[in-house]
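A short reminder: the numbers here are calculations on the coordinates, not readings from a lab. Not measured: the values here are computed from a predicted model. Here Cβ is always computed from backbone atoms with ideal geometry, including for glycine, and neighbour counts include all displayed protein chains.
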Amino acid sequence: MTGNQIIGQILSGVSRGMMLFLISSGLTLIFSVMNILNFAHASFWLLGAYFTWTFWKILYSPIFGLWASIPLAALTIGAIGWIIEVILIRRIYDRTLTEQLLLTYALVLIIGDLIKLTWGVADRIVPKPKMLSGLVNVFGSPFPVYYILVISLAGFVALGLWWLLYKTRFGRRVKASVFSREMVGALGIPIHRIYTGVFVLSLIIAGLAGGVQAPISSVTLGMDMSIIVECFCVMVIGGFGSLIGALVGSLIVSLVYAFAIMVVPKMALVLIFIVTAIVLIIRPWGIFGTAMRT
Amino acid sequence: MMHMRGLDRVLVIGLFLSLLLLPFPVKGAEPYNLGVVLEFTGTGALYSRHSYQGIELAVEEINKEGGFLGKHPIKLFSRDSQSKPDVGVREAKDLILREKVKGIIGTQSSNIALAVEEVCYEYKIIHVIANSNAEAMTVSNYSPYTYQIVPNTYMQATATAVSIAKNVKSKGWKTYDTIGSNYEYPHSTINTVVEHLKKTSPEFKLAKQYWPKLGETEFSAYVTSIIGDKPDFVYACVPGSDGFALFRQGNSYGLFKNVFYASGATFLTEMMEMKDELPRGIVTVLRAPFFANMNNPMMANLVKKYQAKFNQYPDDFVPMQYDAVYVLKQAIEKAGSIEPENVKNAMKGMTVNTTRGSLSFRKIDNMVNCPSYTGIIADDPKYPFPILRDMVVVSGEESWRPESEVLQLRDKADLSKKRRPEELKF
């Protein structure tokens, strides 16, 4: 095991982790504010990737195509999220976790079938822009430029969310509504608007992440189910409802995975679940979660 | 008025009689109901769409001449297995019981083909496999009703190993890695290659084996780990969308520039559909590439008609499915009957004309001696997609499993418990 190998695994692990963070940050935000476990979150991520492909096809401009398509796709996902929040999610705020899971899992199946109807079953391919397809050398290890974009987007989202939650009036209201929904309501703040805002914001982030994912792999059915499991591991490890927990959890999951691949490739997948199980036993509320809330 | 009414009556009766006559074909022979179980949805959908076109084309041609034996027009019944074995079994049974099919072709994934094989055995229906290629279907799970016209996993892996072994010698390679999706097909393919290399090039050391999960979209950590291992060679078997993600991410890390790479699961379909991002210079093995057989009139005809109808070149799967229908036609002609029992007997050890030349079934496993085509993926000015350069065609006899081993594997799998003794005598 040389220094270069370790750097290589750290870099690939961090890029993977940042994609996980982009999804689990929204997941955790929805959970902490609205008390809803959105099983369909990664499906919106996948939908974002499909919309990116569609907009890219429509715009068909080699330089600006992707840059315009990703935000357009994210906004589309946000709009879909707004409709779904008003029509469906709003009705299950006070229901039990099982009932919520039932509804959001149904959404996974519905979205999957709608994708099949709209885009068909063939893989959709979004090419990487030329200027981002190069390699840079980081401490002697090759690193694709495109992943720098993924990491910076995640950093931007993390900072943006921090600013929004701690530096703005909206953020203070959001935090207040976490602690006492009734009190916030009694003060005349329209609580359902805060909820809708949080849901739409989380989905916009998921849509952005999906758009950024599109040129990394192909856009294909089933991607959502494979990543949502890892996102739940992230939430368990980092702590349900904690943003910083989502960040740290994403890094733990992806780095454990990356190093397991290098050292014990056969155990790579299992190891994540072992870590998750250990955290569940020692600290059931996760590293940054509070015992109170779970 | 009376007169008119009489004319009316004649007209009505005439019309009625002609209606009665209409649905009956002139020759009066029964149609041949042919069942197709393919994966129109799910993971195999990309391949199945083309497969069906190959079948349609052959059926159209044969029906123009009146059908099988010139008098049994083929009626196609196609069903979607949704890439799920239980659905495949249900659909196959339904085809047999309700549509009274006499033969089933198609099937994509091996797990579905294995399930359909059992159904065909149970109902004594002829089963020609033209896509799925797990070796088990003709070896440990052999059925006298199942005929295989695709190079199976063992043959394809052996062919690959033969061409790798040549490079080991000429390039002085020392170590290699493998990477394969974590399910049956990649495991058996990779194991065959590893076993073969152990025998032929004992000095060539297997450094590390990676088994990413099925459905993986992020291979970066695998790619960086492989780059860190610094192997001379990587053997990969990652089919479908996963394989495409691996190509993209491997490309972005410059993997294919530094390591000699062979793929056990890059079909002509991928070479055509993903031509922009597919790395050049890697080695792959194909099953029935049209460009290797253009001097065969049957292939040339297929390519011409396929292009005219679908405005593209046929992939690997089109010629094999097309062959399946024609193999059935030739067997029916030899048997002089469309009854599955007679057709099955006629097909035993039979030599057939295919788009890949004249091929013969081996009696012990009903496996046709079809070749595997290995070579380096490279662009060619003649085609809008890359084809194989430095092609090595490894014949069926060179690559299939020796008969003694086939029998050993059957003993090990206790095949005699599933099949009658007379069915296992050759």
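Data table
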| read-out | value |
| --- | --- |
| DSSP-defined beta bridges in chain B - what % are antiparallel, rounded to 5 | 35 percent |
| Part-to-part distance (alpha-carbon centres) for the range A:91-160 and the range A:5-60, which is given in Å | 3 Å |
| Theoretical gain in end-to-end length, A:Ile244 to A:Met267 [0.36 nm per residue, Cα-Cα removed] | 5.5 nm |
| Descending principal axes extents, chain A, alpha-carbon based, whole Å | 58, 49, 36 |
| Nearest-0.05 FRET efficiency for B:Arg90 and B:Ala413, computed from C-beta distance (R0 22 Å) | 0.30 |
| Student exercise, the range B:292-426 dipole from Lys, Arg, Asp, Glu Cβ charges, in Debye to nearest 20 | 380 debye |
| Exposure proxy ranking, count of Cβ atoms within 10 Å, fewest first, for A:Ile148, A:Ile77, A:Ile216 | A:Ile148, A:Ile216, A:Ile77 |
| Cleavage-rule hits, trypsin sites (Lys or Arg not before Pro), the range B:324-395, DSSP coil, Cβ neighbours within 10 Å at most 14 | B:Lys348, B:Lys363, B:Lys382 |
| Equivalent ellipsoid dimensions for the protein assembly as shown as semi-axes, Å, which come from the Cα gyration tensor, largest first | 50, 35, 23 |
| Solvent-free Debye scattering, log10 I(q)/I(0), computed from the Cα coordinates of the range B:179-318 at q = 0.19 Å⁻¹ | -1.12 |
| Rounded D (µm²/s) - the range B:149-234, Kirkwood Rh over Cα pairs, Stokes-Einstein at 37 °C, 0.692 mPa s | 240 µm²/s |
| Options A:Leu208, A:Leu161, A:Thr54, ranked by Cα towards positive dipole end of chain A, top entry (Cβ charges) | A:Leu161 |
| Rg/Rg_globular for the range B:319-367, with Rg_globular taken as 2.2 N^0.38 Å and Rg from C-alpha atoms | 1.06 |
| Pairwise centroid distance, computed over Cα atoms, of the range B:344-375 with the range B:40-115, Å | 20 Å |
| Cβ-based charge dipole, the protein assembly as shown, positive-most Cα from B:Tyr306, B:Gly240, B:Pro144 | B:Gly240 |
| Extension gain, A:Ile58 back to A:Ser133 (0.36 nm per residue minus Cα-Cα distance, nm) | 24.8 nm |
| Convex hull volume per residue for the range A:169-289, taking Cα atoms only, in Å³ | 130 Å³ |
| Cα pair distances of the range A:7-109 binned at 5 Å [whole percent] | 2, 11, 17, 20, 16, 14, 10, 6, 3, 1 |
| Relative contact order of chain A, defined on C-alpha pairs under 8 angstrom at six or more residues apart (%) | 35 percent |
| B:Gly103 long-range amide H proximity, modeled H, under 5 Å | B:Gly35 |
| In nm, spacing of pseudo-spin labels at A:Leu164 and B:Phe310 (7 Å Cα→C-beta vector) | 4.7 nm |
| Relative counts (whole %) of C-alpha pair distances in the range B:287-378, using bins that are 10 Å wide | 16, 43, 29, 10, 1 |
| Globularity ratio of the range B:73-197, using Cα Rg and 2.2 N^0.38 Å | 1.29 |
| FRET E, pair B:Glu405, B:Lys348, Förster distance 25 Å, beta-carbon r, rounded to 0.05 | 0.75 |
| Kirkwood Rh and Cα Rg combined as Rg over Rh, evaluated for chain B | 1.06 |
| Among A:Gly112, A:Ala79, A:Thr96 the positive-end extreme of the charge dipole of the range A:69-224 (Cβ point charges) | A:Ala79 |
| Label-point separation, B:Glu195 to B:Lys124 (7 Å along Cα→Cβ), nm | 3.5 nm |
| Net dipole in debye of chain B [+1 Lys, Arg Cβ; -1 Asp, Glu Cβ; about Cα centre; nearest 20] | 620 debye |
